[in-house]
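Everything below concerns the one structure shown next.
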Amino acid sequence: MFFNSLHFAAFLPIVFILYWFVFNKNKSWQNSLLIVASYYFYACWDWHFLFLLVFSTFLDYFTGIMIEKNETASKRKFWFWLSISINLGFLGVFKYYNFFATSFTELLTGFGFKVHPTLIEVILPVGISFYTFHGLSYVIDIYYKRIKAETNFIDYSLFVSYFPLLVAGPIERATHLLPQVKVKREFNFEKAKEGIHQIIWGLVKKVVIADSCAMYANEVFNHTEQMNSLSLVLGAIYFAFQIYGDFSGYSDIALGTSKLFGIDLLKNFNFPYFSRDIAEFWRRWHISLSSWFRDYLYIPLGGSKGGKWMQVRNTFIIFLVSGFWHGANWTFIAWGLINAIYFLPLLLLNKNRSNLEDIAFKWNAQGMQTILNILFTFTITTFAWIFFRAKSISDALLYLKNMFTNLNFDIQYLNNERYAPELLLLIGVFVLFEWFHKYKTEPISGKYENIKLLLCIMAILALGVFSDYKEFIYFQF
Amino acid sequence: MRNLATYILKLVVMVVLCSYCFDFIYTQIHTSFVPKTKFQHFKALKNQRFDYVFLGSSRVENGISPEIIKNKTGKSSVNLGFQASKLSDVYLILQLLDAYHISYKKVFIQIDYIFNMEGGSSNILSYEILPFIHENEAISKQCLFHDPENFWCNKYLPFYRYCRTSQKNGIREVVSKTIKKKSAAFDQLGYAPLSGNFVNGKFMLPKKVASTNKFYNEIVSYATTHRKSVVFFTAPFRFVNQSSNYIQKLETKIPNLKNFSNELQNDAYFQNNNHLNHTGAVAFTTLLIEKLNL
């Protein structure tokens, strides 16, 4: 069930009405309904994998209690590692087994050995990376005594399987979400209205921006050899906006949907393409994942407490793991590595936290410098996205080679019967719209609310792509 | 909660009003503005007279030139082959010829392995007819046949059909029609020449012929009822795998089928195994003139 489908358009109002009018007696009723709705939502993808979600919930619920109950360090450690290894084991088998098997085979073949690995033919359970990380953070927090284990199974189940965040995040923390599900939610009109606005704005990002960009980006990336330099540059820009519109649009819909049920989720995007350096970009892009890796990997590894060498090592580990989290392909690892390399100069010059304050643009030399920094950051980010999007490292290198050697900047007519640059106007309008609303959760509320609402509805209807491309990119992770 | 209900009602009203307005505007533009798609060009032929009409798939569209027929015989004709057409699409066009008062002396219908594809219809033509779903019962039926799942929504939900086919009937098409951007879709009376020569291997026809095709029967019945002169023919293939004898078997189903499947065997005539290039189209049209006494 996609957020941008008629199925969801029917599902959401039904759950909403049941939630506020039938199951509103107490929080247990509310939570029970949301769990049933969440399992139904997940089963619509593939009911076969529902057992994984249920098992993961049981595992972390039970091990969390056992870790807390046991006083001795060795027993706590046992339950802790049991949970970690089973969680990562599932992730490893479903997501990474084939990758390791084929990579290992290729390596051995390179040394002259003949190996025929057994590959498993299984599709990746949707959302496994997300709900596994929910569970992991919960168990780690209990182990380090940051939180108490949740004893109410219904409340804990909802924390893991809450449908707005189930398949593509944001990756929630027990400290943020559990306190909200432990109290009865009361209806708040302003919050619900903000949620609806966020859903509408998320749809604009998804069906108008991301899916339109996808049509062009796919055409360019799938026919790299026929493309000239201009089209290849545009293809990379289109993909940058596709993945932003797709994932941040999804997050907006998730956050907005959750607000309808009185629950706030973690903010996942904060206008990342307005970042002035790559460190700021990573504080604004997929915030829940970046902060997860910061808290559960970077800091345990020593964070920035050690010397420079330690910081550099930890930074590279974080980015490589982050890349690998996205998928079992060398392209994602290369993407992580490139971002680590971008990060390195800032780290060495102690400038990785120099753009913490909001962007205050003025028409003066400093303002121009800000714009140039934003453009530079966007350019290098887009360059890295080429590796993220390409099917293989060699495809990415071919893309770059053609981009820099073709040097033909004629406007190309693509196979999908469109001129390569014609989407730039739409992207330009979108960027300006975001720029003028960059301090807000969603751009619709406030002055001229009705006009902006009407414009968004008109944009979704007239400019949206509804036919061929529905899937969200991050569902595959 | 009452506030929310009012607010949602406002949203719904906005969506419904926008949908109705867009539907009206888009349909008007698709109907009244300069023709862009081949189907719109076909509609624009209303009340015209032709000596010959050619119907079929891309094997007609890319293979028969009405201009050559005009030059060699002085007779008028129109090529109404649509890409990926099956017999259901052919039947639709045959009915619409009458609905649009396009008169003709003889209609030539290309038929080959599409006889086996009773359940199929052309995606391209289906996109092109969708804006006119309310205009004609035959179009409506074809929309139902092509996409039964979405038929109700396509027909009764305002703007739904434009949303679903936004890549073909969406804002881009509407804007280009509004600014009267010229379309080359009908520059040669429906003939769309192909260039190049990418032949490869053998073209495999099916081993068996379907026992029947309901749209073939409909076409024959329609032609009989409306006293239309219909000639069925098979356009050339580059190198048919003769072992299947498909065309010979087809001839048993279709009496008087004019078989040109093996008439052109020079690779230079073909763009690919089952489509003629421009050189081939010239040769084939000349052959048709000669063999069919056009």
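The values are calculated or read from the model by the stated rules, or taken from the named source; none is laboratory data. It should be emphasised that the depicted structure is a prediction, and the values quoted were computed from it without experimental measurement. Because the Cβ atoms are built from the backbone with ideal geometry, glycine has one as well, and the counts that use them run over all protein chains shown. Areas reflect the complete protein model, heavy atoms only, side chains present, ligands, DNA and RNA absent. Shrake-Rupley method; radii C 1.70, N 1.55, O 1.52, S 1.80 Å.
I'm checking my understanding of the structure. Among residues of segment A:436-448 that are open to solvent by less than 40 Å² (accessible area, probe 1.4 Å) and in contact (Cβ under 8 Å) with a residue 12 or more places away in the chain, which one is nearest to A:Asp252 (Cα to Cα)?
In this case the residue turns out to be A:Glu442.
Has segment A:237-253 got at least one residue that is within 24 Å of A:Gln180 (Cβ to Cβ), open to solvent by 10 Å² or more (accessible area, probe 1.4 Å) and under 19 Å from the mean Cα position of the chain (by Cα)? Looking for residues that are within 24 Å of A:Gln180 (Cβ to Cβ), open to solvent by 10 Å² or more (accessible area, probe 1.4 Å) and under 19 Å from the mean Cα position of the chain (by Cα), one finds at least one in segment A:237-253, hence yes.
For B:Glu128, the test of being away from every other protein chain (no Cβ under 14 Å), under 29 Å from B:Lys228 (Cα atoms) and surrounded by 15 or more Cβ atoms within 10 Å (Cβ to Cβ) is failed. Return yes when A:Val207 is assigned to a helix (DSSP H, G or I), modelled with pLDDT under 95 and within 12 Å of chain B (Cβ to nearest Cβ) and no when it is not. Yes; evaluated as a whole, the condition is true for this residue.
Assuming A:Lys27 fulfils every condition listed in (1) away from chain B (no Cβ under 14 Å); (2) out of contact with any Lys or Arg (no Cβ under 9 Å at 6 or more places or on another chain) apart from one, which condition is it? In the conditions (1) away from chain B (no Cβ under 14 Å); (2) out of contact with any Lys or Arg (no Cβ under 9 Å at 6 or more places or on another chain), A:Lys27 misses (2) alone. Listed conditions (1) surrounded by 13 or more Cβ atoms within 10 Å (Cβ to Cβ); (2) among the aliphatic types (A, V, I, L, M); (3) at pLDDT 85 or above are all met by A:Ile451, apart from (1).
Please note which helices (runs of 4 or more DSSP H) are completely contained in segment A:370-474 and include at least 1 residues that are within 13 Å of chain B (Cβ to nearest Cβ) and either within 24 Å of B:Val175 (Cβ to Cβ) or polar (S, T, N, Q) (or both). Full working, then the answer.
Numbers: elements: A:393-406, A:424-435, A:449-463.
Where helices (runs of 4 or more DSSP H) fall fully within segment A:370-474 and carry at least 1 residues being within 13 Å of chain B (Cβ to nearest Cβ) and either within 24 Å of B:Val175 (Cβ to Cβ) or polar (S, T, N, Q) (or both), they are A:424-435, A:449-463.
Under the condition of being part of a loop (DSSP other than H, G, I, E, B), open to solvent by 10 Å² or more (accessible area, probe 1.4 Å) and at pLDDT 85 or above, the residues counted in segment B:241-259 number 3. Scanning segment B:131-151 for residues that are in a helix (DSSP H, G or I) and either crowded, with 18+ Cβ neighbours inside 10 Å or modelled with pLDDT of 95 or more (or both) turns up B:Pro131, B:Phe132, B:Ile139, B:Gln142, B:Cys143, B:Phe145, B:His146. Strands (runs of 3 or more DSSP E) fully within segment B:1-116 that include at least 2 residues being within 14 Å of chain A (Cβ to nearest Cβ) and buried (at least 18 other Cβ atoms within 10 Å of the Cβ): none found. Within segment A:188-199, being β-branched (Val, Ile, Thr) and either closer than 13 Å to A:Ser5 by Cα or within 17 Å of the chain's Cα centre (by Cα) (or both) holds for one residue alone: A:Ile199. B:Arg172 satisfies every condition listed in (1) within 12 Å of chain A (Cβ to nearest Cβ); (2) surrounded by 19 or more Cβ atoms within 10 Å (Cβ to Cβ) except (2). Among the residues of segment A:168-190, the ones that are facing chain B (nearest Cβ under 10 Å) and either assigned to a helix (DSSP H, G or I) or at pLDDT below 90 (or both) come to 2 in all. Looking at A:Glu190, is it touching a helix residue (DSSP H, G or I) at 6+ places or on another chain (Cβ under 8 Å), surrounded by fewer than 24 Cβ atoms within 10 Å (Cβ to Cβ), of a type in the set (Asp, Glu) and under 30 Å from A:Trp20 (Cα atoms)? Judged against the criteria, A:Glu190 is not a match. Residues that are part of a loop (DSSP other than H, G, I, E, B) and crowded, with 17+ Cβ neighbours inside 10 Å within segment A:2-36 comprise A:Phe2, A:Phe3, A:Asn4, A:Phe23, listed in sequence order. For segment A:352-375, the candidate set comprises residues that are more than 23 Å from the chain's Cα centre (by Cα) and of a type in the set (A, V, I, L, M, F, W, C); within that set, the residue that is least open to solvent (accessible area, probe 1.4 Å) is A:Ile359.
Answer with yes or no whether A:Tyr216 is within 14 Å of chain B (Cβ to nearest Cβ), among the aromatic types (Phe, Trp, Tyr) and within 30 Å of A:Phe404 (Cβ to Cβ). Answer is yes for this residue. Annotation for segment A:208-215: at least one member residue is touching a Lys or Arg at 6+ places or on another chain (Cβ under 9 Å) and more than 23 Å from B:Asn3 (Cα to Cα).
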